[in-house]
Structures are given as structure tokens and as C-alpha cells.
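Peer 1: Next up is a structure, given as C-alpha cells.
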Amino acid sequence: MSTSPQSPADRIRTDRPHSARVWNYLLGGKDNYAVDHEMGDMILKAFPEFAAIARLQRSFLARAVHFLTAEAGIRQFLDIGTGLPTANNTHEVAQRVAPESRIVYVDNDPLVLAHARALLTSTPEGACAYIDADVRDVDAILADAANTLDFSKPVGLTMLGIMGQLPDEDDPWGLVDRLLAALPPGSYLALSDGTNTSDSLNQAVSSYNANSASSYHLRSPERIADFFHGLELVEPGVVKSSAWRPDPSLGGADESEGHAVSGVGLKV
């Protein structure tokens with residue numbers, strides 16, 4: 001255990017809502033605080049479909065990781081913006097297909113890290129590691145992940161809802177490019193984010209941004225699709241999350257549109 005005065009547990013704040021905990025509340029989880037309940041309820045009052053967005057992104061993750069493991073043969077995953085553990089976490093989906101799969105989880109929320117280390121345990125054949133880092137710390141993430149992943153072999157890079165937490169001035173597209181540049185051909189990007197196609201959702205997120213410790217930035221479907229520039233899109237392309245290879249057995253039965261798009265792209 002770290003002896004640092006700012007260990008993950010020391011950094012947990014309960015006086016302001018945090019995105020991962022609000023997301024957990026919307027998914028029906030218990031790893032959140034009263035301020036997160038209040039924020040989640042405020043969002044749902046303004047935009048009742050918001051909980052569907054959370055469910056759709058998690059179900060897309062399960063389907064994307066299953067595709068990458070079972071069909072594309074990926075055995076290594078870099079999951080950035082992990083969020084609090086729930087059903088069908090990346091390593092669980094991957095290791096059900098290939099027990100030797102190796103997964104590195106990255107998040108900068110101390111509560112996420114504490115729960116990840118306790119709950120996200122690997123098969124004996126594979127590996128799970130956890131990195132405390134902001135998505136902007138590309139060099140640090142890659143250096144630490146190299147202790148678990150072999151960057152000479154293809155990697156599945158998963159980024160659900162994390163790019164929306166960065167404003168345009170942080171150049172999130174450039175950050176994705178830098179991460180992909182470190183991965184060999186045959187690697188994949190799986191990404192999902194919320195869209196700005198609903199006025200009521202825009203207003204709900206604006207209220208969230210005004211009251212939260214973090215902020216979220218909705219974008220047009222076209223701008224989200226730009227994250228895949230230079231990649232070969234896997235069918236059906238960048239589409240509404242519920243439409244990406246729906247599979248009821250993998251959490252694809254929710255017919256709600258939500259207001260998020262998802263896609264998977266291959267680095268050739």
C-alpha cells in the first residue's frame with residue numbers, strides 16, 4: 001500500500017458529484033454518495049433517457065470486447081476511463097473467451113481505482129493491471145501499460161465516454177492519435193460517446209457541468225466519428241450504440257435510442 005499522503009483513498013471527495021459515481025448511480029449501482037444521487041436525479045428529471053445512455057454504453061462495451069476477442073483475436077486490452085466496476089467488465093468478457101487475455105485499466109478517480117483493485121481480478125492465465133492516470137497523460141499511460149502489455153502485438157483500445165470529458169481545446173482527437181500511434185497494425189479502437197442531438201440532453205449536461213467536479217462535452221455524431229480517422233471501420237460503422245451488432249446475450253436488447261454513438265476501427 002502506498003505511503004503517499006495523497007493515496008487514492010485520501011483523494012475521494014464526497015462533497016461534489018463525480019462523473020464515475022453519477023454514472024454508477026444511473027446504472028443502479030451502490031458505489032456513490034448523496035451528492036451523486038442528487039445530481040443523477042437532477043439529470044433524469046431534465047432528461048429521463050440519460051440512464052439509457054449509461055446502459056447502452058456498457059452493453060456496447062461487452063459486445064465490442066466480445067467481437068475483438070472472439071472474432072478479431074485480440075488478447076490485450078487498454079481500457080481508459082474504466083468507470084466503477086459493474087457487470088461485464090472488459091477482462092470478464094475477454095477472459096470468458098480467452099482466459100489468457102491481459103487487460104490494463106486506466107482511471108483517475110480514486111474510488112474507481114480502489115474498487116478495481118478489489119474486484120477486477122484476473123484469471124490465472126491472464127493479467128489485470130490498474131493505472132492511476134489522467135487520459136491526457138499519454139506517455140505515462142503507455143510507459144506503465146508496457147509492464148503488462150506487449151506493444152509489439154495488437155491491442156484493443158477501449159474508450160467509453162472518456163473523450164466527452166475533454167473540451168475541444170484539449171484536442172481529444174490528438175490524444176487518441178497519440179495512443180493509436182503507439183499500437184501496432186492489427187490493433188483496434190472501440191469508442192463511444194454522447195451526442196448533442198437533443199436540446200433537453202444538452203440542457204441536462206449543462207446543469208451537470210455547472211454543479212460537478214468534472215464536465216462533459218457532447219458532440220455531433222460526425223465529430224465523434226472523426227476519432228476513427230485513418231482507421232478501417234468495422235461494420236456497421238459509427239452508429240447509435242444500440243445498433244452496433246446488437247446481441248441480447250451480451251446486453252444488446254435495449255431498444256432505446258439513447259443519444260450516444262459507438263464504433264470500432266482497425267489500425268491497418
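The values are calculated or read from the model by the stated rules, or taken from the named source; none is laboratory data. Quick caveat: nothing in here was measured; it's all calculated off a predicted structure. When we count neighbours, we look across all protein chains shown, and the Cβ atoms used for this are built from the backbone with ideal geometry, even at glycine.
Peer 1: Kindly provide the set of residues from segment 67-90 that are of a type in the set (A, V, I, L, M, F, W, C), surrounded by fewer than 23 Cβ atoms within 10 Å (Cβ to Cβ) and farther than 18 Å from GLY156 by Cβ, ordered by number.
Peer 2: Residue satisfying the conditions is ALA87 alone.
Peer 1: Given ALA210, ALA225, which one is buried (at least 18 other Cβ atoms within 10 Å of the Cβ) and not in a loop (DSSP other than H, G, I, E, B)?
Peer 2: Going through ALA210, ALA225 in turn, the sole match is ALA225.
Peer 1: Could you tell me which of the residues ARG219, ARG223, ARG178 is of a type in the set (Lys, Arg), within 30 Å of ALA146 (Cβ to Cβ) and at pLDDT 95 or above?
Peer 2: Being of a type in the set (Lys, Arg), within 30 Å of ALA146 (Cβ to Cβ) and at pLDDT 95 or above holds for just one of ARG219, ARG223, ARG178, which is ARG178.
Peer 1: Same structure again: Kindly establish whether VAL93 is crowded, with 22+ Cβ neighbours inside 10 Å, more than 17 Å from ASP150 (Cβ to Cβ) and either among the hydroxyl-bearing types (Ser, Thr, Tyr) or more than 14 Å from the chain's Cα centre (by Cα) (or both).
Peer 2: yes
Peer 1: Also: Cβ-Cβ below 8 Å, separation at least six or inter-chain, first residue in segment 57-76 and within 18 Å of CYS128 (Cα to Cα), second aromatic (Phe, Trp, Tyr): which pairs?
Peer 2: That search, which allows pairs on different chains as well, returns VAL65/PHE77; LEU68/PHE77; LEU68/TYR188; ILE74/TYR188.
Peer 1: Could you give every pair whose Cβ atoms fall below 7 Å, whose first residue belongs to segment 169-181 and is surrounded by 14 or more Cβ atoms within 10 Å (Cβ to Cβ), and whose second residue is of a type in the set (Lys, Arg), counting only separations of at least 6 or pairs across chains?
Peer 2: If the second residue must be of a type in the set (Lys, Arg), the pairs left are ASP170/ARG136; LEU175/ARG136; LEU180/LYS267.
Peer 1: Of (1) surrounded by 19 or more Cβ atoms within 10 Å (Cβ to Cβ); (2) more than 24 Å from LEU166 (Cβ to Cβ); (3) not β-branched (Val, Ile, Thr), ALA64 satisfies all except one. Which?
Peer 2: Exception for ALA64: condition (2).
Peer 1: I'm trying to understand the selection: among the residues of segment 143-168, which are in a helix (DSSP H, G or I) and over 18 Å from THR90 (Cβ atoms)?
Peer 2: Passing the criteria: ALA143, GLY164, GLN165, ASP168.
Peer 1: Here's a follow-up. Confirm whether SER215 is touching a residue at least 40 places away in the same chain (Cβ under 8 Å) and surrounded by fewer than 15 Cβ atoms within 10 Å (Cβ to Cβ).
Peer 2: no
Peer 1: Answer yes if at least one residue in segment 242-256 is aliphatic (A, V, I, L, M) and modelled with pLDDT under 90, and no otherwise.
Peer 2: Yes.
Peer 1: Out of THR82, THR69, report the one residue that is more than 26 Å from GLN203 (Cβ to Cβ) and either of a type in the set (Asp, Glu) or modelled with pLDDT under 95 (or both).
Peer 2: THR82
Peer 1: Out of the residues in segment 16-41 that are in contact (Cβ under 8 Å) with a residue 40 or more places away in the chain and part of a helix (DSSP H, G or I), state the one that is farthest from ASP107 (Cα to Cα).
Peer 2: It comes out as MET39.
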